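This report refers to the structure that appears directly beneath it.
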Amino acid sequence: MRPSERLLDPAEPVVLIGSCFTDSIGKRMVSCRWPALPNPCGTLFNPSSIANIIRLAIADESRLRAVAEDSIAERNGLFMSWLVDSGSTKHTREETLSSLHERLYSLRDGLATEATLIVTFGTAWIYELREQPGYVVSNCHKFPAGNFVRRRLSVEEISSEWLSLLDNLKERFPRLRVIFTVSPVRHLKDGFEGNSRSKAILQLSCEEICEKCKSAEYFPSFEIMNDDLRDYRFYDRDMVHPSEMAVDYIWEKFQERFLSAESRAILREGEKITRRLNHRPIIK
């Protein structure tokens with residue numbers, strides 16, 4: 001794989017945000033002792049929800065708290081936020097808000113290091129609250145389907161929202177670099193055709209964003225999975241998620257693109273340290 005013109009330094013922090021594929025790559029970074037922060041606000045699948053949570057994390061304190069407060073919903077004695085996944089679902093409103101604030105502050109602190117931000121889009125489909133048109137939820141939290149309007153974002157919607165957000169990020173964090181990728185995880189609720197069209201929208205959106213924003217570039221996770229590996233043995237048993245072997249392969253390609261030979265050697269040493277630290281000797 002052709003190396004990027006701007007290589008990464010494994011001593012510098014990375015923030016990863018987006019779909020569950022983000023967790024897979026982030027876990028490998030952490031295991032190599034890279035100062036990486038994977039999905040501080042939990043798993044987020046669509047571009048609009050990812051943009052919303054970043055925008056809120058860098059907002060002033062009063063707006064952050066007001067928007068967070070308005071995002072709380074209650075069901076069956078549990079309180080959750082429309083902005084994040086079920087990781088912040090608690091038994092009281094105060095606990096849920098506290099968890100949500102903690103996640104947002106973690107993302108804010110990560111961005112404040114002017115780290116590299118890796119964004120993984122999972123699907124172009126969004127769910128909006130029926131009673132609040134335009135309010136995109138990150139997670140439906142098992143509420144009845146009738147509470148939501150489901151639709152697919154367009155390339156223009158995604159690129160416009162993200163180019164505006166990147167302008168704001170660049171103004172606040174001038175050294176911030178952004179790497180976009182499309183998750184290879186399938187979203188088959190709409191069948192193979194629906195999944196392919198959704199992924200195509202995400203690919204075209206990333207292309208437009210990266211063409212217009214000099215601080216952004218693209219890594220082809222989805223394309224490696226579908227055009228290089230191209231075999232069902234590289235999927236997990238659910239036939240939706242890439243297998244560990246496939247993720248390892250994509251991780252190797254990521255290193256080829258963004259790391260020098262010296263940096264890759266550093267990561268291998270970091271992984272050895274992690275294995276030694278995690279080793280539990282057998283005591284007879």
Determine if region 252-262 includes at least one residue that is surrounded by 14 or more Cβ atoms within 10 Å (Cβ to Cβ), small (Gly, Ala, Ser), touching a residue at least 12 places away in the same chain (Cβ under 8 Å) and touching a Ser or Thr at 6+ places or on another chain (Cβ under 8 Å). no
Is it the case that region 130-139 has a residue that's surrounded by fewer than 22 Cβ atoms within 10 Å (Cβ to Cβ), assigned to a helix (DSSP H, G or I) and not acidic (Asp, Glu)? no
All positions within region 113-140 that are in contact with a Lys or Arg (Cβ under 9 Å, 6 or more places away or on another chain), more than 20 Å from Asp23 (Cα to Cα) and modelled with pLDDT of 95 or more: Trp125, Ile126, Tyr127, Glu128
Arg150 fails exactly one of (1) surrounded by fewer than 16 Cβ atoms within 10 Å (Cβ to Cβ); (2) more than 22 Å from Glu5 (Cβ to Cβ); (3) modelled with pLDDT under 95, namely (3)
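Quickly run through region 115-138 and pick out the residues that are on the phi < 0 side of the Ramachandran plot and free of Cβ contacts under 8 Å to residues at least 60 places away in the same chain. Working first, answer last.
Of the residues in region 115-138, the ones on the phi < 0 side of the Ramachandran plot are 115-133, 135-138.
Selection gives Tyr127, Glu128, Leu129, Arg130, Glu131, Gln132, Pro133, Tyr135.
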Within region 40-79, count every residue that is in a loop (DSSP other than H, G, I, E, B), crowded, with 17+ Cβ neighbours inside 10 Å and not hydrophobic (A, V, I, L, M, F, W, C). 5
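The values are calculated or read from the model by the stated rules, or taken from the named source; none is laboratory data. The shown structure was predicted, so the numbers you read here are calculated from the model rather than taken from an experiment. Note that each Cβ is placed from the backbone with ideal geometry, even for glycine, and that neighbours are counted across all protein chains shown.
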